[in-house]
Structure formats: structure tokens, C-alpha cells
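Just below is one structure, and these are the notes that go with it.
Here, each number is a calculation from the coordinates, and none is a lab measurement. Quick caveat: nothing in here was measured; it's all calculated off a predicted structure. With ideal geometry, Cβ positions are generated from the backbone for all residues, glycine too; neighbour counts draw on all protein chains shown.
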Amino acid sequence: MIFDTPAGTNPTDRMKVLGKPLDRYEGHLKTTGTATYAYEWQDVAPGFAYGYILGAAIARGRITSIDTRDAERAPGVIGVVTYLNAGKPGVGKFYVQKMLAAPEVDHYHQPVAVVVAETFEQARAAAGLVRVDYQRTAGRFDLAAQNGSAPVPPEGEFGGPNEKRVGDFARAFAAAPVKVDETYTVPDQAHAMMEPHASIAKWDGDRVTCWTSIQQMNWGTRDLGLILGIPKQNVHLISPYIGGGFGGKGTVQIDLALAAIAARVVKRPVKIALQRPIMFNTTIHRPKTIQRVQLGAGRDGRLTAIGHDSLSGNLVGGRTEPTVTSTRTLYAGANRLTRMRLATLDLAEGNAMRAPGEAPGLMALEIAMDELAEKLKMDPIELRVVNDTQVDPENPDKPFSTRAFVRCLREGAQRFHWDKRRSTPSAVREGQWLIGMGMAGAIRGGKIAKAGARARLDRTGVVTIETDMTDIGTGSYTVVQQTAAEMMGVAPDRIVVKLGDSTFPETPGSGGQQGAPSVTAGVYAACTKLRETVAQRLGFNTADVDFADGHVHSGNRSVKLADAAKDGDIVVEDLMEFAKLADQFQQQTFGAHFAEVAVDAYTGEVRVRRMLAVCAAGRILNAKTARSQVIGGMVMGVGAALMEDMAIDKRFGFFVNHDLAGYEVPVHADIPHLDAFFIDEVDPTISPVKAKGVGELGLTGVAPAIANAIYNATGVRVREYPITLEKHLDRLPALA
Amino acid sequence: MKSFTYERATTPADAAGIVASNPGARFLGGGTNLLDLMKLEIETPTHLVDVQDLKLDRIEPTEAGGLRIGAFVTNTALASDERVRRDYGVLSRAIVAGASGQLRNKATTAGNLLQRTRCPYFYDTNQPCNKRKPGSGCAAIGGYSRQLAVIGSSDACIATYPGDMAVAMRVLDATVETVRADGKTRSIPIGSFHTLPGDTPERDNALDHGELITAVTLPRPVGGTHVYRKVRDRASYAFALVSVAAIVQRDGSGRAAFGGVAHRPWRVEAAEAAMPRGAVEMSNAVFADARPTDDNAFKIPLATRTLAAVLAEVKP
């Protein structure tokens, strides 16, 4: 099925099942501990052995010798895999990191060996017996040191051009009567998901089957094939449950690559889970950015000049962090200059983390807007309203498909009681607490990509949907179930959903908040085909049948859906493909985030008191799982605002706080009352289901809303995330 | 983790004897710190002597009118004891400010005193660390030192003692009771229990190898208002950037010890006379010899301001 014109009325508009706050399809498995996560499969690969990864002790240089003899003689050890016997692993298409130091070491903790043993404890103990000598070379670890010299790289596959100009930014900025010109930094951040990366790999001839934890099956088979030097058709990935990913499990990481490589070397199935302390320096992370934002406005608040220059760093061949993405689309303004520069760093690879680009980009832009509002003596919401646009500001011929940004702002202002905010900073005090309110706008691409699904109707009337979509804790199972139930006119309990198997029809998986819209469109296509087949089997004229209440109705005739399969299951498969509506319409999701904070006037500690998100993302497929996505994003935004920071040792070149004691994320006590509200809208240009994703929208804009609230509380502007207490302590009220 | 052997001791002297005779042996209490360190091969004992059967798990009154806390009273039991909550509130508050409910259920009084530093370089066995590997150097000096010591440190080590409970015990003038292999006991004032790193940062405390903590005694209650104020980057389940354990009397006199600033709970008795004159004057005296790093210099004004918050809180 090809989607090439905006959707008209179709069965998903009935909203009998879609949109409802249905409980998670697989929720009972997770709450009872019976959902099988990657590391927990017991009987799929008899005779499996355990692999343990030894990470490099230096950041840059080369291995001069590896002595594995003691490790090989240790109890239970089956083999030790190093670059000397691993073959020559390839590199996938999305990540540039090399899976083994061979013998060059590109970054700290890069794997130098995998010790394979009968038990986990034996493998871990033997890893301590591998002796590696290194020759260190100087590395580049300090992003700021390259701020003057880092070039604008050629355009890559994602993120658009690295430099774009509209109008004459320099002249307009120089002429603007009111200006902001400030630099903001967002540190390296870790995904820090609950479930560590884990995989089991089992070979059968030249084919490999892997039980793993990976968000995108199609990228996973492609990349593992490239790494192993086998056709992707020979790779089978199984990943039905994922304990959090946030982009950190987009495609093949070292657990999967090295489990497969080690299994090939030792000729046994091998299971590897990454130990937490090496995850921070080996897997991908959100790279640090240094962002200069220049805003010029007239006295009426209208932006005349928008400049955003962003520096990030990466391994050689790595991509830029696309922080200026949202600056290109969020506000009107005739003169614009956005630019991304890229330094070379010898740290672990920077790559996708939830809302790559938009999340860190808005952390800068939306503080700058707050600063501009203050200079203009305008309410920050009004400043955003006057700069609203219904067309792509870089491309005025391209309207937004839907843009309820102003409604989000207005609705949020009312619900949050924004009118109680004092515009003068540091004006509200309750005992030792300085109280402030802040807000920020949010925008995140409403992407969609081709997705397939298979639908099977059996004689009991059960419809089984199979796709290679994954559920990373988001609700994919449930929205697939709801879409199929709505399309087929059956109760949700008549739907069986099977996800996370690369042999199922292809989807883009979980990433870029395109999973839910894409897979539900694929399910729409497959169910449309199933409806046609059913109608034909039952002898209906396919044009005017209605699927409802487990029956197929037309005119006076009504037949049980199950009857269509009484002579055998009906199995259909289809793929939803998208023509170029995305070229005609700027498809985005919007939001407004609000926060109230209390800052301890003595210690500078920040406590978030309440938060609200108002989001517009097309049709909301499930009110409960969508809300959970958004409030989960808000929690992550609290982390970004207040504590998350991968601290770099610039001498030795590594992230020092490489465990969950050192890299702090919010705990329950940090999270106050959270509200999420969705604007009622549909986007007929996106797909027949008219839904866009919300998973990343919930994060974008949260941290700057908190930062702006802190400023409103204290009168101290901090432009360096996270806003830990020492960054404003010396400017808080003096002790009496 | 290295392979090790394991046994359960039957008496305190027996336990002390086994460990004293084996340089590779260590006592095992709740295991909340030691087992993690063993998995990372930061600690590599060859033999563990489990002391959980020793029945040192009671809280009893002393003849002096104080309390004797058995070494293996859990943190949860100690913090929730009615006498502790009534007469030694700072101790109860300090304990519940630390770790999580699950950890406090398992952690013991003696083990809490012995928990090792959380310096990130101590935790990374690729890095030089004089505490983990004497003579290898200190990667923390000149490195990422935001959490580390601002006072009492040496050129060999800038680690901090990470706990909360001992900071309260320091302000309560607790005494650590021990037994050695020969059955001899000794009483170590809490102020000299934790050592400064000096040239021997591998030592955390005054215990000899094989010397077993049997109890912590608290002197008779001193009254006053008890406060434990812990400042950290998140609201719970994090080590202190700075903490203050304080007992303040109605007349404004009192005592205060600081956590998160040194290799041991930091208390300067001579500075306490300044408490009635306010936090700034007292803190200036407490931290007169501070030698912070660029990363952690903020801890000194933070300690002053936290003390000020405490004094404001208790003001009648």
C-alpha cells in the first residue's frame, strides 16, 4: 500500500479501541517477571558459554602484546578471543566504532579480549589474568580546545546540511535593537537504561541466530552482517522485550558483535552482558555540545536574526550532534544561520540518544529565548507566540501539516497557572526556598518510514499480527493490538501481537519516535488486505462492508469474522510505503513544558516541585502509554537539567564516573507531581492512522524549562548543564 | 572476582584469630560494600570469615547511661531503635540519609564504619591509586575530583570517607570496641578510628589486621536538638557532597561534624566555641587548613552555608 495523499475517513477514525488507555499488552509478563529478556533465555541455545569483555586500559595507542596463556589455563575457560584470532570484524553502517582493538586502541575500554568460559564467574576471573601491554599515544579529549579549529563537515546521512543560511544573518543581527548572544554547554550524557546490553549468539553453519536487546531489527541484521562478513539474510535476531534503550540499543553494539564473533571462534553458543562499568566508555552516548545562540529581535519581539552555531566531537568518521535541527523550524525569522562543526575526539562514539539534536539543541535555544524575553520585558510565552509560523521558516512554500504550538503554550499556561508567575527573578521566597516558574517550547520531527506487517485470521476469530517492530518499554505491543482490533472490528483480547523477530515483516523499529506511527501504518495496510480477503471469502462486495463486534456486516447480512477462516487460516502481508507528502508538508510534533522549582537559598540544591507537558502529536493511540512516554521523558529531562554529566578526565581520556553510583539519574524522590496533556488533533498527512510519535517529544524542552524556572527562582543564569549547585552557589543570597 | 574460601566463625576471638593468621583473609558482614569491591577486583581476599553468627546484634544500655550497639546490628534496626531515635536523633537521621532501604536492611554497624571510599579512581583498576595499590600514584589529584576531599588530604590521596553514620557518631563521641586474636579488647574513640591518608592511604582506620569490631558505644545522651543535613546532587540515594551532623543546645552552643569533606568525619572541637557566633566564624575555623582542588573548592562555602541552614533550622 502506498500512502500518497492525505488520509480521508477510515476505520481507525472510529476510535472504539484506539486512543483508549488500554493496559499494556505484555504488562502482566513484566510485572510478574516472566517476560524473557535477552540474557534470560535458558533453553534456546543448549551448551552456551559465557563471555566477559576486557576493556582497554588506555584511551589511545596500540596493543604491543597480549598474553592470554594464564587466562586460557584458568578453570572453565574455553577460549580467549582477541584481534589475533577474531578474524577481521567489519564496521556497521550506523556506528563507526570498532568492536575490537586491533591492535590500535581508539578509545578507553574498547574491547581487547573476550574471555569465554563455562560460567560467568570463571570468565570474569580469567579476564583478570589476561596481560596486555600498550603503547600510549596522545589523544584528543577536550572539546573546548578545538572550538576555534573544528571544521564544518560535509553533509552526512542524518541531520541535514551542516550549514544553512537564509537571508543575511550578520547584517540583521547587527541591526537588531534587542539581542542575545550567549554560549551554552550540554555535557556528554549516557542512556543509562536499566537493562544492560546483552546477547546470546548461536551459529548453525554460516547462519547466526542471536537473542539480543536491540531497537531496530533491520539495522541490526544489516550491521551484524557487515561486522561478521556474512549476508544479512544469514542473521536472525530475536528481541521481544527490551529493558530500555533510549537510542543506545539502536543497532549492533559490542555485546552482540562479540557474542557472535566469540561463538564463531569457540564453536559454542556464547552469551554476553556488558558489565555496567564498561558501558559508559564503550557504547554510544549523547556527545557534549558547545552551542552559541544569537537572537536578534525588534522591540515587538519579532525575531529578525536567528543564529545557532554548535560544536560537537566524535571518533573519526562519526557524525555531528544535530543540535540546530529545531532552530531551523521552530520560530519565524527572515535571517538565519545555523551551523554544526565537528571536532575529532578519542572518546567513545557520540551517537543517537533520545531526541538526538532536538533535546540538546532546545536546551540552548530555549534558554536564549527566555533571556530574550527578559530583555524585551515580554512574557516568555508571548515571545514564542509572536514568533509562531505556520510555514517552514526556511522554506515558506512548505506548510506545517499540523502545528498546534500556540495551543500547547496557551493550554499549558492556563493549566499550570502561569499567571501566578512573577516575571522578576528571585521574587518569591517560602522559608529557605526560592521559588520559580519556567517554561520552554518543544518541537520534534514527526517522522514515519515504510513498515510491514503480517496478519493471520484463524477459525476462532483470533487475529495474529507479526512485525519486526520492537517494544522498548514504550507500548508498541499495545498500539499494534489496538490498531488491529480497530481495523478488524474485534475486541482487543482477540488480537495476538508478535514483535521483535527479524524474520517478521520489516519496520523501522524503535527510534526517532517513528516506531508507533510507522508500525501502526503497516498494521493498517495488512489489516486492510485482510479485510479485503475476508470479504471476498465471505462473498461480500468489498466496497461497503463494515467490520464490527466480531462480525462482518453489509446491508442486512452479518457473518462472524471467524467464519471466514473456517476452512483454514487466512494469512496476508502488506507494507505501507510513503510517497513524498513529507516533501510537501513540514511534519513535526509540538509541545510546551512547564516547571516550578524550589532552590534552597542556603545550599543551592534544586528541587522540582511540579511539571506539566502539553503535547500535540496527531492522534494519540493510547492515552495511557502515550502519557507514560511523555512523563518518562520529563523524568529524563530532570536528569539532563540537574545531574547527568559524564565527567571526562582530560589527561587520560575517559569518562570517569562510569557506573550508576557516579553517573546519577533521577530517583523517585527527585520527581514531583507530573502532568501530561494532549491536544486533540489528527495529522492526515502522516498516515491513514494519522498519528505521530511522542516518545522524544516528551523530553525535548524539559531541561530548559527547568533551567528557566531556576533562573526565575534565583536570578542567577546558568548556561552550563547540568545545573548542579556549585554553578550558582556563589551568587545566591549572602548569609545573614 | 578471584576465587576465595569461606568459613563462618563461632566466637569473636575465633574470628579475629582466623583473620589475623591469614594475610589474605577478611571479615564478611553484610557484604554490601566488600562483595561489590571483590567483583571489580578492587578487593581480592583469598579467604572470607563470615561473622554473622556471632550474635553481636543487640542494642543494650551501658552502666554509664549510654548505649552499646552490637557490631552486627543492621542499619535499619539501629536507625529505628526507639532509644536511638529519642536520645541520639542525629544518628538515626544520618543512617536513613544513606543508601537505600534494601541496603540498610543488610548493612551492619561495623561494616558501615569500614566502608571504603567512593573515589572513582579507586574504583577503576586501570588507574593508579595509592589506596588500592600502594605506591602506584594518585590519579585523582589533577583529575576529576569534585566529590573528593578538601581537607586533611595528602599528596598521596584525596579520597573521602563516604558514609553518613560515622559522621553522626563523631558528633556523639562514640567509641569503637574491638577484640583481637589474643582475646584482648580495646576502645578506640571514634575521632581516632578513621585515619588521615598521609603516606599510608591504603589504611582507612586504626584497626590492625584481624582486629574485629564488636560494638560501638554511645555516651549518655547530651540533649539538645539533633540535626543531620546531607547535601547531594539528587534527593536520595547519593553520597554527600557535604553533610553536617549537629547537636545544638538551647543557648546556641553545640557541636558539629562534617561529612563528605575528608578521609574521615571532620570535626574540630576547638572551633565549636564559635558556634553561637554563627556559621561563618565556626566554619572558618573548621576549614582553616583546607586544601581543595579547583573541582571541589565549592565544598567549603557549601559547608558553611549548610551549617548556617542547620543553625537557622534549630533557632528557637
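Would you pull out the residues with amide H under 5 Å of A:Gly79's amide H, same chain only if 5 or more places away, H placed 1.01 Å from N?
Sorted by chain and number, the residues that satisfy this are A:Val116.
Seen from all sides and averaged, what is the projected area of the convex hull of the Cα atoms in the stretch A:574-711, in nm²? List each step's numbers first, then the result.
Numbers: hull surface 50.1 nm².
So the Cα hull casts an average projection of 12.5 nm².
With +1 on each Lys and Arg Cβ and -1 on each Asp and Glu Cβ, how big is the dipole of chain A about its Cα centre, in debye rounded to the nearest 20? Each step should come with its number before you reach the end.
Working: 82 positive and 82 negative charges, 95 e Å.
Taking the Cα centre of chain A as origin, the dipole is about 460 debye.
Determine the shielding of peptide B:285-298 by partner chains: average, over its residues, the number of Cβ atoms on other chains within 10 angstrom of each Cβ. Please report the intermediate quantities before stating the final value.
On the way: counts 0, 0, 0, 0, 0, 0, 0, 0, 0, 0, 2, 1, 1, 7.
Per residue, the average neighbour count from other chains is 1.
Can you give the average number of partner chain beta-carbon atoms within 10 Å of each beta-carbon in peptide B:114-123, as a whole number? Each step should come with its number before you reach the end.
Numbers: counts 0, 0, 0, 0, 3, 1, 9, 3, 0, 7.
Across the residues of B:114-123, the mean count of other-chain Cβ atoms within 10 Å is 2.
If we sort B:187-194, A:554-561 on the protection proxy, mean other Cβ atoms within 10 Å, highest first, what's the order? All intermediate terms of the calculation are to be shown ahead of the outcome.
On the way: B:187-194: 17.6, A:554-561: 14.0.
In descending order of packing, they fall as B:187-194, A:554-561.
Count, for each residue of B:2-9, the Cβ atoms from other chains sitting within 10 Å of its Cβ, then give me the mean as a whole number. Spell out each step's value before the answer.
Numbers: counts 4, 5, 0, 0, 0, 0, 0, 0.
The per-residue average across the peptide is 1.
Per DSSP helix of 4 or more residues, -39500 (n - 2.57); summed, then divided by the residues of chain A. What does that give at 222 nm, rounded to the nearest 500? Can you show the working numbers first?
Values: 15 runs with 168 residues, N = 736.
Roughly -7000 deg cm²/dmol at 222 nm, from the helical runs in chain A.
Where in chain A are the DSSP H helices whose alpha-carbon span along the long axis reaches 27 Å or more and whose Kyte-Doolittle mean is at least -0.5? Write down the numbers at each step before the final one.
Details: long enough: A:515-537 (32 Å, 0.06); A:623-642 (28 Å, 0.84).
Sorted by number, the helices that extend far enough and score high enough are A:515-537, A:623-642.
Going by C-beta contacts inside 10 Å, put B:Met38, B:Met165, A:Met437, A:Met194 in order with the fewest on the left. Kindly include the intermediate steps, with their values, before the conclusion.
Details: B:Met38 19, B:Met165 30, A:Met437 24, A:Met194 9.
The most exposed by this proxy come first: A:Met194, B:Met38, A:Met437, B:Met165.
Compare the peptides A:634-646, A:378-390, A:31-43, A:662-674 by average per-residue count of other Cβ atoms within 10 angstrom and give them in order, highest first.
Details: A:634-646: 25.8, A:378-390: 18.8, A:31-43: 13.9, A:662-674: 17.2.
Peptide ranking by packing, descending: A:634-646, A:378-390, A:662-674, A:31-43.
Any lysines with Cα under 20 Å of the A:Lys450 Cα? List them, leaving off those in the same chain fewer than 8 positions away.
Partners found: A:Lys93, A:Lys232, A:Lys498, A:Lys529, A:Lys580, A:Lys690, A:Lys692.
Not counting the cut sites, what is the longest span of chain B without GluC sites (Glu not before Pro) that DSSP labels loop and that have at most 16 other Cβ atoms within 10 Å? Could the numbers behind the result be given before it?
Working: sites that count: B:Glu41, B:Glu63, B:Glu202.
Between the exposed loop sites, the longest stretch runs B:64-201.
Using Cα pairs under 8 angstrom and six or more residues apart, how large is the relative contact order of chain A, in percent?
Taking the mean separation of contacting Cα pairs over the length of chain A, I get 17 percent.
Along the charge dipole of the protein assembly as shown, which of A:Trp219, A:Val91, B:Ala71 sits closest to the positive end, that is, farthest toward it, with unit charges on the beta carbon of Lys, Arg, Asp and Glu (+1, +1, -1, -1)?
My answer, from the dipole projection, is B:Ala71.
Roughly how many nanometres apart are two label points built 7 Å out from the Cα toward the Cβ at A:Met15 and A:Glu720?
Spacing of the two 7 Å Cα→Cβ label points: 4.9 nm.
Rounded to two decimals, what is Rg over Rh for the stretch B:1-61 when you use alpha-carbon atoms and the Kirkwood radius?
Numbers: Rg = 12.4 Å, Rh = 12.2 Å.
Across the stretch B:1-61, the Cα-based Rg/Rh ratio is 1.02.
Rounded to the nearest 20 debye, what is the charge dipole size of the stretch A:503-618 about its Cα centre when +1 sits on each Lys and Arg Cβ and -1 on each Asp and Glu Cβ? It would help to have the intermediate numbers written out before the result.
Working: 10 positive and 15 negative charges, 52 e Å.
Dipole size: approximately 240 debye.
So if we plug the beta-carbon distance of A:Asp546 and A:His28 into 1/(1 + (r/R0)^6) with R0 = 41 Å, what FRET efficiency do we get, rounded to 0.05? Before the final figure, lay out the partial values.
Values: r = 32 Å, r/R0 = 0.79.
So the FRET efficiency works out to roughly 0.80.
Which whole-number percent is the relative contact order of the stretch B:1-144 (Cα, under 8 Å, 6+ apart)?
Details: 205 pairs, mean separation 30.2, N = 144.
It comes to 21 percent, rounded to a whole number.
Over what distance in Å are the Cα centres of the stretch B:273-291 and the stretch A:650-678 separated?
The stretch B:273-291 and the stretch A:650-678 have Cα centres separated by 33 Å.
Report, as a whole number in µm² per second, the diffusion coefficient that Stokes-Einstein gives for the protein assembly as shown at 37 °C and 0.692 mPa s using the Kirkwood radius over alpha carbon pairs. Write down the numbers at each step before the final one.
Values: Rh = 31.1 Å.
This corresponds to a translational diffusion coefficient of 106 µm²/s.
Would you be so kind as to identify which of A:Leu337, A:Tyr25, A:His236 lies farthest towards the positive end of the dipole of chain A, taking Lys and Arg as +1 and Asp and Glu as -1 on Cβ and the Cα centre as origin?
Highest projection toward the positive end goes to A:Leu337.
What value, in deg cm²/dmol to 500, does the helix sum -39500 (n - 2.57) over DSSP H runs of n ≥ 4 give at 222 nm once divided by the residues of chain B? Kindly include the intermediate steps, with their values, before the conclusion.
Details: 11 runs with 81 residues, N = 316.
It comes out at -6500 deg cm²/dmol, rounded to the nearest 500.
Multiplying the sequence separation of A:Val391 and A:Leu538 by 0.36 nm and subtracting their Cα-Cα distance, what value in nm do you get?
Values: separation 147, 0.36 × 147 = 52.92 nm, distance 4.79 nm.
Residue separation times 0.36 nm, minus the Cα-Cα distance, leaves 48.1 nm.
Taking H as built 1.01 Å from N, whose amide H comes closer than 5 Å to the amide H of A:Ile58, not counting residues under 5 places away?
A:His109
Please report, in debye to the nearest 20, how large the charge dipole of the stretch A:176-332 is about its Cα centre when each Lys and Arg carries +1 at its beta carbon and each Asp and Glu carries -1 there.
The dipole magnitude comes to about 320 debye.
Hey, which aspartates and glutamates would be in cross-link range of B:Lys315, C-alpha to C-alpha under 15 Å, not counting anything within fewer than 8 residues on its own chain?
Within reach: B:Asp251.
Can you pull the one-decimal nm distance between simple spin-label points at B:Asp199 and A:Asp567, each 7 Å off the Cα toward Cβ?
Here the answer is 9.7 nm between the modelled labels.
What is chain B's relative contact order, in percent, from Cα pairs under 8 angstrom and six or more apart in sequence? Don't skip to the end; give the middle numbers.
Working: 725 pairs, mean separation 58.5, N = 316.
With pairs under 8 Å counted, the relative contact order is 18 percent.
Using the Cα centre of the protein assembly as shown as origin and beta-carbon charges of +1 (Lys, Arg) and -1 (Asp, Glu), tell me which of A:Gly632, B:His226, A:Phe3 is placed farthest towards the positive end of the dipole.
With unit charges placed on the Cβ atoms, the residue in question is B:His226.
Helix by helix through chain B, keep the DSSP H runs that span 15 Å or more along the axis on Cα and average at least 0.0 on Kyte-Doolittle, and give those back in order. Don't jump to the answer; show the numbers that get you there.
Details: long enough: B:299-314 (22 Å, 1.04).
Qualifying helices: B:299-314.
Please identify every one of the trypsin sites (Lys or Arg not before Pro) in the stretch A:255-314 that sits in a loop by DSSP and has no more than 12 other beta carbons within 10 Å of its own beta carbon. List each step's numbers first, then the result.
Numbers: sites: A:Arg264, A:Lys267, A:Lys271, A:Lys288, A:Arg292, A:Arg299, A:Arg302; in loops: A:Lys267, A:Lys288, A:Arg299, A:Arg302.
Sparse-neighbourhood loop trypsin sites (Lys or Arg not before Pro): A:Lys267, A:Arg299.
To check my understanding: the extent here is largest minus smallest coordinate of the Cα atoms along each principal axis. What are those three numbers for the stretch A:369-497, in Å, largest first?
69, 48, 23
Assuming R0 = 41 Å, what is the FRET efficiency of B:Val222 and A:Lys375, from their Cβ-Cβ distance, to the nearest 0.05? Spell out each step's value before the answer.
Values: r = 56 Å, r/R0 = 1.35.
Efficiency, rounded to the nearest 0.05: 0.15.
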